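Data first, discussion second: the structure below is written as structure tokens.
The values are calculated or read from the model by the stated rules, or taken from the named source; none is laboratory data. In this text the structure is predicted, and so the values were computed from the model without any measurement. When we count neighbours, we look across all protein chains shown, and the Cβ atoms used for this are built from the backbone with ideal geometry, even at glycine. Accessible surface areas use protein heavy atoms only, side chains included; no ligands, DNA or RNA. Shrake-Rupley method; radii C 1.70, N 1.55, O 1.52, S 1.80 Å.
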Amino acid sequence: MKRILLACICTGLWFSPASIKAQQATPVAAKIELKHGSHRIGKRTDEVMQKWRGYGLGQFIHWGLYAIPGGEWNGKQYNGAAEWIRSWNGIPKSTYDSLIYKFNPVNFNADEWATTAKQMGAKYVTITTKHHDGFCLWPSKYTSYTVANSPWKKDIMKPLVDAYDKAGIDVILYFSVMDWNHPGWRYDIKTKEDSVAFEGFKQFTRNQLIELLTMYPTAKGLWFDGTWDKSWVKQAEFADQLETEMRKLRPGLIIGSRFRADEKGKRHFDANNVLMGDYEQGWERKLPNKIEDVHGNDWDCVMTVPENQWGYNKAWKGHIKTANELIEMTAKSVSLGGNFVLNFGPQGDGAIRKEEKQLATQIGNWMKINKEAIYNCQYAGLEKQDWGYFTKKTGGNKLYMVVFNAPVSGAYRVKLPAKMGITKAYALATPTQSLSTEEIHTNEYFIHLKKQGGDQPFVIVLETKNSSDNSGNVYDKAKT
Ligand code: FHN
């Protein structure tokens, strides 16, 4: 990106946020001929993608065999992420793999999971069909390492997809390409044997993906992971063809930027710095700070509750994020044009841990009152303010101020674009009580509101109108 930035400055070209989209479609730097680079022409505008764009808040589910040890093996704590415990030297791989014979989640209830997500206000869920350990939550016919051969025997994905569909929450299938259980998986391809083995693995991957899309036709997209190793990065042609095949099979399918590399080995953004896939998947446990950071692309941020634990970990250590922190991340994401996806790691017995349920309730209670400022909202063209974040609905005349730092004065400073006026202001929690607004400079206002919401963030709505007439101002601007 630095290269483009430099070219822009040197050529005197600079882009306002509104023209970032154009920058994506026609990069300024000399274009490299790519066979397997990005195929997109700007942002998708179809209905499925528009809906994705308006989700605002989502749920991530990491569930698999790793939930059984829950970050602990023979009484010892593993220091890494619980879902990576198989990679710990202290554990023989075959011993981990035999956890399949212990997978019997008697407290698993798909409807309860969907209800928890719904209560939180999630509009979509991303579920690990298969994580790096290779264990499949669906009865894949291409490997024996699936739920079908566990004591549980039954498909997990089907009841989940049905339950979330019923709850009106769109499902995205998480799929790890890296598969520690498959004999053909390689980190790199260095020998003829590696190459032969990996060819078999590629066919297996293709078969599993087509199988998933066929078995769960209502799923809206695929969230790819484990695609960073050299072996996969070298498969530009194969992965590009597979992506085309999947899109043909399921028109409207949403695929993020992690699936494939171009022939130069570039991931997320191709060698011309154009996004690969429908949205950027680079925001893992971090958020952009300003609109320029997202280069006009769609994106979602996936976030853990503790520092870096996705799968269930018995010992939740370190800083555990509070509901208010997570609500702030949600509002910040939306204010910068993205979705926020909060991770849940259900226990080995299938129940959602009580701390996660509590967070879902707290976030949901806030969403009940303030969801108007989150769903179908986007970047408002206004930067972060001292009191919080602006969001706005596409084409609407309302601006939402999501407040996290209420000023002690009770006067919220708001600077609007030229010729935009405020017709009404009120808090979403008390929509019938208008707030007083005071124009302090041209297009700069104070919204007056004494203490609101206790220790909770809250939303002020500004109904706006465009006016060409600023003659009501008391004083002219000084000439400086
Ligand atoms: O290694 C995984 C990790 O376990 C988890 O699944 C996250 C979720 O975004 N993705 C990987 C790291 O990028």
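A compact table of results
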read-out: Residue in the stretch 279-297 that is among the hydrophobic types (A, V, I, L, M, F, W, C), closer than 28 Å to Lys384 by Cβ and within 15 Å of the ligand (Cβ to nearest atom) present; value: yes
read-out: Counted residues, the stretch 450-463 - those being surrounded by 15 or more Cβ atoms within 10 Å (Cβ to Cβ) and either at pLDDT below 95 or in contact with a Pro (Cβ under 8 Å, 6 or more places away or on another chain) (or both); value: 4
read-out: Boolean, Lys202 is assigned by TED's automatic domain parsing to the domain that holds Leu249, more than 15 Å from the ligand (Cβ to nearest atom), surrounded by 14 or more Cβ atoms within 10 Å (Cβ to Cβ) and more than 27 Å from Asp300 (Cα to Cα); value: yes
read-out: Candidates Lys419, Lys450, Lys424, Lys415, filtered to the one that is over 34 Å from the mean Cα position of the chain (by Cα), charged (D, E, K, R) and at negative phi; value: Lys450
read-out: Verdict on Ala114 being surrounded by fewer than 20 Cβ atoms within 10 Å (Cβ to Cβ) and either within 16 Å of the ligand (Cβ to nearest atom) or within 27 Å of Lys154 (Cβ to Cβ) (or both); value: no
read-out: Sole residue being out of contact with any strand residue (DSSP E or B) (no Cβ under 8 Å at 6 or more places or on another chain) and either open to solvent by less than 40 Å² (accessible area, probe 1.4 Å) or farther than 30 Å from Ile156 by Cα (or both), chosen from Gly338, Gly388, Gly396; value: Gly396
read-out: In the stretch 409-427, the residues that are open to solvent by 70 Å² or more (accessible area, probe 1.4 Å) and over 13 Å from Ile447 (Cα atoms); value: Ala418, Lys419
read-out: Residues within the stretch 211-245 that are within 23 Å of Arg44 (Cα to Cα) and of a type in the set (Val, Ile, Thr), tallied; value: 2
read-out: Scan of the stretch 165-184 for residues that are of a type outside the set (Val, Ile, Thr) and either modelled with pLDDT under 95 or within 16 Å of the ligand (Cβ to nearest atom) (or both), ordered by number; value: Leu173, Tyr174, Phe175, Ser176, Met178, Asp179, Trp180, Asn181
read-out: Failed item, numbered, when Asp162 is tested on (1) within 16 Å of the ligand (Cβ to nearest atom); (2) open to solvent by 30 Å² or more (accessible area, probe 1.4 Å); value: (1)
read-out: Only listed residue being part of a loop (DSSP other than H, G, I, E, B), within 16 Å of the ligand (Cβ to nearest atom), more than 26 Å from Asp165 (Cα to Cα) and not aromatic (Phe, Trp, Tyr), chosen from Gly42, Gly90, Gly37, Gly80; value: Gly80
read-out: Output for the stretch 127-159, where each listed residue is in contact (Cβ under 8 Å) with a residue 24 or more places away in the chain, open to solvent by 10 Å² or more (accessible area, probe 1.4 Å) and not in a loop (DSSP other than H, G, I, E, B); value: Asn149, Lys158, Pro159
read-out: Answer from Lys264, Lys314, Lys371 - the residue that is over 17 Å from the mean Cα position of the chain (by Cα) and in a helix (DSSP H, G or I); value: Lys371
read-out: Neighbours by Cβ (under 9 Å, 6+ apart or cross-chain): first from the stretch 269-292, more than 21 Å from Gly58 (Cβ to Cβ) and open to solvent by 10 Å² or more (accessible area, probe 1.4 Å); second in a loop (DSSP other than H, G, I, E, B) and within 13 Å of the ligand (Cβ to nearest atom); value: Phe269/Ser257
read-out: Lys357 open to solvent by 40 Å² or more (accessible area, probe 1.4 Å), modelled with pLDDT of 95 or more and either of a type in the set (Asp, Glu) or out of contact with any helix residue (DSSP H, G or I) (no Cβ under 8 Å at 6 or more places or on another chain) (or both); value: no
